[in-house]
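Structure, as structure tokens:
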Amino acid sequence: MFLGRAVTAKTINEYAGAQAGPNGRPFGRMASARLLPHPNDIDKIIRYEAHLSRQLYQALHELESMRAARRGQPAPLHRVDVYGSAAELAATDAATA
């Protein structure tokens, strides 16, 4: 029983103030509140993810350096990771030139 009534999808949707989602299933404020972490937790997750990403690239660069040293090749002292498409990079270069 749900507040003295039989539990049905309709009564739950009415209680939650839900509307049908893109797949036709109910998705209301209460459902989204249960699914999404608190904004402070999201900020922490984003910071941790960025930190892990930086550590991953640092480890990959160290691995490349060790492989180059093992082969007797010179290893660059500084590496730069660039994100974006070639068109975006060319547009940025043209704008700054």
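Within region 46-82, the set of residues being exposed (fewer than 11 other Cβ atoms within 10 Å of the Cβ), farther than 30 Å from LEU36 by Cβ and not aliphatic (A, V, I, L, M) comprises ARG70, ARG71, GLY72, GLN73, PRO74, PRO76, HIS78, ASP81.
For SER85, the conditions (1) out of contact with any helix residue (DSSP H, G or I) (no Cβ under 9 Å at 6 or more places or on another chain); (2) surrounded by 11 or more Cβ atoms within 10 Å (Cβ to Cβ); (3) at pLDDT 60 or above all hold with the exception of (2). Conditions first: (1) of a type outside the set (Ser, Thr, Tyr); (2) modelled with pLDDT under 60; (3) within 28 Å of ASP81 (Cβ to Cβ). GLN58 passes all but one, so which condition is the exception? (2) is the only condition that GLN58 fails. Note on region 50-81: residues that are among the acidic types (Asp, Glu) and in contact with a Pro (Cβ under 9 Å, 6 or more places away or on another chain) amount to 1.
The values are calculated or read from the model by the stated rules, or taken from the named source; none is laboratory data. On a predicted model such as this, the values are computed, not experimentally measured, just so you know. Here the Cβ is made from the backbone with ideal geometry for all residues, glycine too, and neighbour counts use every protein chain on show.
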